[in-house]
Amino acid sequence: MSLLLVTAATAAVSLAGVLPGTLATVGGIVVALLLVAAFVGYERSSELRVFPRTTYQAGSPLKWIYLTLGLLAFGVAVESFVPLFGQQLGGLSPLAAGLFGAAISLGWSLTQLGSSSATREHTVRRLRIIGPLLLASGFAIICAIGAVTARAANRSS
């Protein structure tokens, strides 16, 4: 049942991305969130579950680890479309858009080299907080740039 709920939530998000109209998109996302809530409710009481039982115990860090992994996976999935966004939204040539995507991958790699060598607990704790904040800031900047670009394109047409 857990996997069925997760699959249904994924399908709802996928449909929300292709349905015409803002109301349909918002409706699909709301359905997906409700299905995720049903998944968590079922997981907490089920004998057969996707996540370990300790994930749902008070004070367990597992829920935060899984949430962080999910958000990072979301970030990586969005990153794979950067060249397309560069071409479609930014008007970049295919070569420039590809180099833009490669630059982001290079940034991830260099960041990983630095963060994976951190050993002091204070530094590791700080990196755990800064990393997701930087990712969220990047998404916010991309959204703002997209909105400004869309407005400018609408004015010029």
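Quick grid of which residues meet (1) at pLDDT 85 or above; (2) hydroxyl-bearing (S, T, Y):
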{"position": "Y56", "(1), (2)": "no, yes"}
{"position": "I65", "(1), (2)": "yes, no"}
{"position": "L69", "(1), (2)": "no, no"}
{"position": "F74", "(1), (2)": "no, no"}
{"position": "E79", "(1), (2)": "no, no"}
{"position": "P83", "(1), (2)": "yes, no"}
Inset, instruction - Tell me, please, whether a residue that is assigned to a helix (DSSP H, G or I) and among the hydroxyl-bearing types (S, T, Y) can be found in the range 8-15. - result: yes
Legend entry - Count - residues of the range 51-110 that are among the aromatic types (F, W, Y), assigned to a loop (DSSP other than H, G, I, E, B) and closer than 19 Å to G17 by Cα: 1
Inset, instruction - Select, from A152, A118, the only residue that is at pLDDT below 80, more than 22 Å from the chain's Cα centre (by Cα) and hydrophobic (A, V, I, L, M, F, W, C). - result: A152
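Here is a check on your reading of the model: is G98 of a type in the set (G, A, S), surrounded by 11 or more Cβ atoms within 10 Å (Cβ to Cβ), touching a helix residue (DSSP H, G or I) at 6+ places or on another chain (Cβ under 6 Å) and within 26 Å of S14 (Cα to Cα)?
Details: of a type in the set (G, A, S): yes; surrounded by 11 or more Cβ atoms within 10 Å (Cβ to Cβ): yes; touching a helix residue (DSSP H, G or I) at 6+ places or on another chain (Cβ under 6 Å): yes; within 26 Å of S14 (Cα to Cα): yes.
In short, yes.
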Inset, instruction - Please verify whether the range 134-142 includes one or more residues that are in a loop (DSSP other than H, G, I, E, B) and hydrophobic (A, V, I, L, M, F, W, C). - result: no
Legend entry - Every pair of residues 6+ apart whose Cβ atoms lie under 9 Å, when the first sits in the range 35-46 and is on the phi > 0 side of the Ramachandran plot and part of a helix (DSSP H, G or I) while the second is surrounded by fewer than 17 Cβ atoms within 10 Å (Cβ to Cβ) and of a type outside the set (V, I, T): none
Inset, instruction - Check whether at least one residue in the range 60-76 is within 28 Å of A152 (Cβ to Cβ) and under 22 Å from the mean Cα position of the chain (by Cα), and report yes or no. - result: yes
Legend entry - Matching residues, the range 107-127, being among the aliphatic types (A, V, I, L, M) and surrounded by 11 or more Cβ atoms within 10 Å (Cβ to Cβ): A118, V124, L127
Inset, instruction - Restricting attention to the range 8-60, report how many residues are under 19 Å from F74 (Cα atoms), exposed (fewer than 12 other Cβ atoms within 10 Å of the Cβ) and of a type in the set (V, I, T). - result: 1
Legend entry - Long-range neighbours under 7 Å by Cβ, at least six apart or interchain, first residue more than 15 Å from S80 (Cα to Cα) within the range 97-123, second part of a helix (DSSP H, G or I): S115/L127; A118/V124; A118/L127
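The values are calculated or read from the model by the stated rules, or taken from the named source; none is laboratory data. What you see is a predicted model, and the numbers here were worked out from it, not measured in a lab. Glycine gets a Cβ as well: all are built from the backbone with ideal geometry, and neighbour counts include every protein chain shown.
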